[in-house]
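Written below as structure tokens is the structure these notes are about.
Rule-based calculations on the coordinates, nothing more; no lab input. Quick caveat: nothing in here was measured; it's all calculated off a predicted structure. Virtual Cβ from ideal backbone geometry, glycine too; neighbours counted across all protein chains shown.
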Amino acid sequence: MRLPRRAFLHLAAGIVVLPAVSRIARAQAYPSRPARIIVPFAPGGPTDVFGRLMAQRLSDRAGKQFFVENIAGAGGNIGTGRAAKAAADGSTIIVVANTYVVNPALFNKVPYDPIKDFEPITCAVTAPMVLAVHPSLPANTVQDLFALAKADPGKYSYASGGVGSPGHLAGAQIRSSHGVDLVHVPFGSAGLAIGSAIGGHTPISIVAPAPTVPQVQEGKLRALAVLGAARLQTLPNVPTMAEAGYPDVLGENWFGVLVPAGTPKEIVALLHREIVEMMMLPDMKERIAALGFSTVGNTPAQFGQQIAFEIEKWGKVIRAANIKSE
């Protein structure tokens, strides 16, 4: 069943009435009570900022309350496990990062099944990692860097935002696929990782665009490649890894939206439509770009396929590199 384009049932323009057979109609209106958006990380980070932007816009569009609840801990596992056990009626939504597909291999046990416990809504936004080096390093291309590292195995280190982060796993890919012996140095945040690279303590960084791009633009770091499918608008002269000759090396941070498995299909369709439409608004795209992300907004089916693919892909990388959570 296709819902009207003005999806949420009560809008300023009036009331949209659905057929009596609709499960949403039987619930009178969606959401029939305040809906929580679980962010499985501490307040203040990019996932939290995105979750709050989404909550505000959904509240405005629905005329009902959507609110963020931060349930942090264990790399997102605690909040995700809590969401997996929530009622499947649309009253609980969760915003996840790509740790969702990494943690099942990174941890001995996680309190959720990433395939069975949730219904995908959309991969909302994405940001490719940026491979950058300190200006003192004699490497102007990815090939230069790899040749330098191969000449002195184990001499050069790279900073990432933490164990199991996209930057860490991209470095592990480089090591296993291309025989480049780089030493990983994890930090508690992308900002700390970039600070170490700027100081030359770890002369290489594989970190998200937001903290990297300003340092590149100021000449404090030299960007060699973007680890995504397309170049960044903020670094138009920096090639992708595919353009540099290494199409298999990818590393992206993304945020996606899920609901507990069994949530009515009407609610899944409604949430998908509303979230994608709100992300296409000019001011939302601007605010998302300010976080260093680009809008995706794929379909539930596409996001489900993405989740399955990445679970298998990163599981292989993690097992091959024998990476374990700290």
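Things to note:
- Rounded to the nearest 10 degrees, the angle from helix 142-151 to the longest Cα principal axis of the chain is 50 degrees.
- With each label modelled as a point 7 angstrom along the Cα→C-beta vector, the residue 243-residue 201 pair spans 3.3 nm.
- Region 248-298 and region 45-93 have Cα centres separated by 13 Å.
- Degrees, to the nearest 10: 166-178 long Cα axis against longest axis of the chain: 50
- Charge-dipole axis of the chain as Lys and Arg at +1 and Asp and Glu at -1 on Cβ define it, positive-most pick from 74, 118, 201: 118
- Going by neighbour counts of Cβ atoms within 10 Å, the residues 267, 275, 206 line up, fewest first, as 275, 267, 206.
- Over region 89-234, equivalent-ellipsoid semi-axes from the Cα gyration tensor in Å: 30, 18, 13
- Treating r as the C-beta distance of residue 284 and residue 108 and R0 as 35 Å, the FRET efficiency rounds to 0.35.
- Every Cα-Cα pair in region 197-323 was counted, and those over 22 Å apart are 52% of them.
- Exposure proxy for 93, 38: other Cβ atoms within 10 Å of each Cβ, ordered fewest to most, give 38, 93.
- Compactness of the chain as Cα Rg over 2.2 N^0.38 Å, two decimals: 1.05
- Multiplying each eigenvalue of the alpha-carbon gyration tensor of region 21-174 by 5 and taking the square root yields semi-axes of 40, 17, 13 Å, largest first, rounded to whole angstroms.
- Helix 265-279 and the longest principal axis of the C-alpha atoms of the chain enclose an angle of approximately 60°.
- Order of 145, 270 - criterion: other Cβ atoms within 10 Å of each residue's Cβ, fewest first: 270, 145
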